[in-house]
Amino acid sequence: MNLTKYICHRKPERSFHIKNHQFPVCARCTGFYMGLIAYLICNLFYTHNYDLNMLIISIILMIPVAIDGFTQYAGLRESTNELRLITGFIGGIGLIIFLKIIIRVILYDL
């Protein structure tokens with residue numbers, strides 16, 4: 001778990017535990033990674049064009065995790081690990097779509 005400290009805060013109260021063993025990343029990061037992996041697996045079987053519409057969709061998918069994180073950070077409310085996981089999952093899908101679009105623009109349009 002030493003390497004994961006550079007990519008996640010790993011606060012115990014914001015992480016899942018199985019048999020008193022803490023996950024290597026927090027609930028939100030767990031959701032992000034699950035979303036990334038799920039999208040990449042689905043993308044093997046179902047492909048689509050990465051156009052402006054997909055860019056807009058990717059940004060929309062990242063809005064819930066931004067709202068959840070910001071409102072919690074600002075002290076407006078306290079999020080739950082389940083909500084962090086769900087918004088992280090949705091945000092992870094949006095993030096991988098966004099990254100694929102950016103990579104395609106850099107590699108093919110420059």
Practice prompt. Enter the angle in degrees (range 0 to 90, nearest 10) between the Cα long axis of helix 27-45 and the first principal axis of the Cα atoms of the chain, meaning the one along which they spread out most.
Written response: 30 degrees
Worksheet item: Tell me, what is the 1.4 Å probe accessible area of Leu61, in Å² to the nearest 10?
Response: 50 Å²
Practice prompt. Tally up the carbon and sulfur contribution to the accessible surface of the chain as a whole percent, 1.4 Å probe, everything protein left in place.
Written response: 70 percent
Response to the item:
Quick shape check on the range 10-70: root eigenvalues a ≥ b ≥ c of the Cα gyration tensor, a/c under 1.5 is rounded, otherwise prolate if a/b tops b/c, else oblate, and it reads oblate
Worksheet item: What order do Phe98, Phe45 take when sorted by accessible area (1.4 Å probe), most exposed first?
Response: Phe45, Phe98
Worksheet, complete the sentence: From most to least accessible, 1.4 Å probe, no ligand or DNA/RNA atoms counted, Arg84, Arg77, Arg28 line up as Arg77, Arg28, Arg84
Item to complete: With a 1.4 Å probe and every protein chain left in place, work out the accessible area per residue of the chain in Å², rounded to a whole number.
Response: 69 Å²
Worksheet item: So what does Asp51 come to for accessible area, using a 1.4 Å probe and Å² rounded to 10?
Response: 70 Å²
Worksheet entry | Prolate/oblate/rounded label for the chain (Cα gyration tensor, a/c 1.5) | prolate
Item to complete: Arrange the residues Met54, Met34 by how much accessible surface each exposes, largest first, with a 1.4 angstrom probe.
Response: Met34, Met54
Practice prompt. Could you run the Karplus curve 6.51 cos²θ - 1.76 cosθ + 1.60 with θ = phi - 60° over the range 66-79 and give me ³J(HN,Hα) per residue in whole Hz, x for Gly and Pro?
Written response: 5, 5, 4, x, 5, 5, 6, 4, 6, x, 6, 6, 10, 7
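The values are calculated or read from the model by the stated rules, or taken from the named source; none is laboratory data. All values derive from a computational prediction rather than experimental measurement. Each accessible area value is taken on the protein alone, full model and side chains, heavy atoms only, with ligands, DNA and RNA left out. Shrake-Rupley method; radii C 1.70, N 1.55, O 1.52, S 1.80 Å.
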